[in-house]
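Working notes, beginning with the structure itself.
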Amino acid sequence: MHPTRVIGLMSGTSVDGIDTALVEISGRDLDLKVELIAGETYPYPPQLREQILELGAGAAVSMAELATIDDAISRTFAEAAQFIQVGHQAATLIGSHGQTVYHRPRQGAGELGYSFQLGRGSLIAHLTGITTVSNFRSADIAASGHGAPLVPRVDAYLLGDSREERCIQNIGGISNVTYLPAVSDNWLSQIRGWDTGPGNSLLDLAVQHFTNGAKTYDENGDWAASGTPCYPLVEKWLSHEYFHLPPPKSTGRELFGVAYLHQCLEDAQGYQFSTWPADFLATITELTAVSIVHNYDTFLPRRPHQVLLCGGGSRNIYLKRRLELLLGKVPVSTTDKLGISASFKEAIAFAVLAYWRSIGIPGNLPSVTGASQEVLLGEIHGNYC
Ligand SMILES: Nc1ncnc2c1ncn2[C@@H]1O[C@H](COP(=O)(O)OP(=O)(O)OP(=O)(O)O)[C@@H](O)[C@H]1O
Ligand SMILES: CC(=O)N[C@H]1[C@@H]2OC[C@@H](O2)[C@@H](O)[C@@H]1O[C@H](C)C(=O)O
């Protein structure tokens, strides 16, 4: 059978642009193969990015404004899909995650979560002429799941191993882990995954705050690396109930966003810093690293044999170094090492989820999201194949 050429589109909680992957996919599960043909981060027009960040921070907007933003996001996603195909053979399927603007995690078993992604699959399909799968989270939520994280099933088949236990650690705006035990019988039911807490969201906001918006992130973690973390403050922040909540759990900028950063800045007033704001940035970065390791030590049966990072935060050299130090003997590298692009893994995952949807394979893992059953993820728009 010929591989299927699929485009994955994803814009996450950092709103740093639309991660776009053009891939060739074959196989179904343990034989699943993905080849990345091209990967790009397609930028949002700056004004649209601002509007999305405001929406995510809880700004009140009219339905008319919301419709306009949704149109603009759909169009930009379609442009991203067209751009990635230039100079390549065209794709026959798109998996579009869309742009999360609101996520209400399930509060407990039996309670309903809610997750809202903008960017309509129907419009993307019409504008590109390519069948498009979108709205991936709603079926899992309807089955009482969190609707997140959804990448773990893809991680399992692309990065699982028959001998060793691995943690795949995504560090985007929010951080999430996929824990993969060694492949065995009943393997899928033993896989775990959840959002560990903040990734770069607080650090990005802090950098914007201290540079009056001139910078949007701490490149390579250089600024934080020039400071020293304040451990009593990290301890205080670590007492936040989210870090102690057992999985399944998910979160977003609703919790670890602007209001949380302001609380952190207020908390910092009570402590001594020799280099401000570098020490504060080092302390915020430490919270990400410490909370990841705290999640492992609290909720995993044991530490994994190795940790493979992905997401933009895997390029933060200082954060990676802090994780290495905290994890002691556990080696930390990136998924690039296993041939899966750390920068485009989420976009690749939504291409795979669309492909699974098109051939009738469920995309969620109930052991991860807490859903009552496996379900087909996503709605199919257009039929241009
Ligand atoms: N060279 C770099 N050095 C340090 N940080 C970086 C670098 N490149 C990217 N980042 C960080 O990664 C972030 C983007 O990561 P990514 O695209 O994985 O997030 P996302 O997909 O939007 O979030 P999520 O996974 O929560 O949905 C940027 O906002 C920035 O903080
Ligand atoms: C609601 C939403 O968009 N959640 C994202 C976000 O970004 C990281 C973390 O929070 C993750 O669980 C999830 O995305 C990834 C792609 C997932 O579903 O696996």
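For the chain, the 222 nm mean residue ellipticity estimated from helices alone, with every DSSP H stretch of n ≥ 4 adding -39500 (n - 2.57) and the total spread over all residues, rounds to -11000 deg cm²/dmol. Under the simplified labelling scheme, the Val61-Ala214 pair shows an inter-label distance of 3.0 nm, with each label point 7 Å from Cα along Cα→Cβ.
Working note: Cα gyration tensor of the chain, eigenvalues times five, square-rooted, sorted largest first, giving semi-axes of 31, 25, 19 Å. The modelled label-to-label distance for the pair Thr68/His262, using points 7 Å beyond Cα in the direction of Cβ, is 2.6 nm. When a/c reaches 1.5 or more, the comparison of a/b and b/c decides; with that in mind, is region 177-257 rounded, prolate or oblate per its Cα gyration tensor? Prolate. Stokes-Einstein diffusion for region 22-166, with the hydrodynamic radius set to the Kirkwood value over Cα pairs and evaluated at 20 °C in a medium of 1.002 mPa s, equals 124 µm²/s.
Note on region 264-350: percent of Cα-Cα distances in each 10 Å bin, starting at 0 and stopping at the bin with the largest distance, equals 15, 39, 32, 13, 2. The C-alpha atoms of the chain define a longest principal axis, and helix 258-268 lies at about 20 degrees to it. For Lys345, the solvent-accessible surface computed with a 1.4 Å probe is close to 10 Å², ligands and nucleic acids excluded. Using a probe of 1.4 Å on the protein chains alone, the accessible area found for Thr13 is around 40 Å².
What is the local net charge at Ile94, summed over the other residues whose Cβ is closer than 13 Å to its Cβ (Lys, Arg +1; Asp, Glu -1)?
Numbers: positive: Arg5, Arg120, Arg357; negative: Glu79, Glu379.
The answer is +1.
Straight-distance candidates among the lysines for linking to Lys329, with alpha-carbon spacing under 19 Å and chain neighbours fewer than 8 residues away dropped: Lys320, Lys337. Can you give the accessible area of Thr68 in Å² (nearest 10), computed on protein heavy atoms with a 1.4 Å probe? My reading of the accessible area for Thr68 is about 90 Å².
The values are calculated or read from the model by the stated rules, or taken from the named source; none is laboratory data. Small disclaimer: the values here were computed from a predicted structure and weren't measured. Cβ atoms come from the backbone with ideal geometry, glycine included; neighbour counts cover every protein chain shown. Just so you know, the surface numbers come from the protein's heavy atoms only, side chains and all, with ligands and any DNA or RNA stripped out. Shrake-Rupley method; radii C 1.70, N 1.55, O 1.52, S 1.80 Å.
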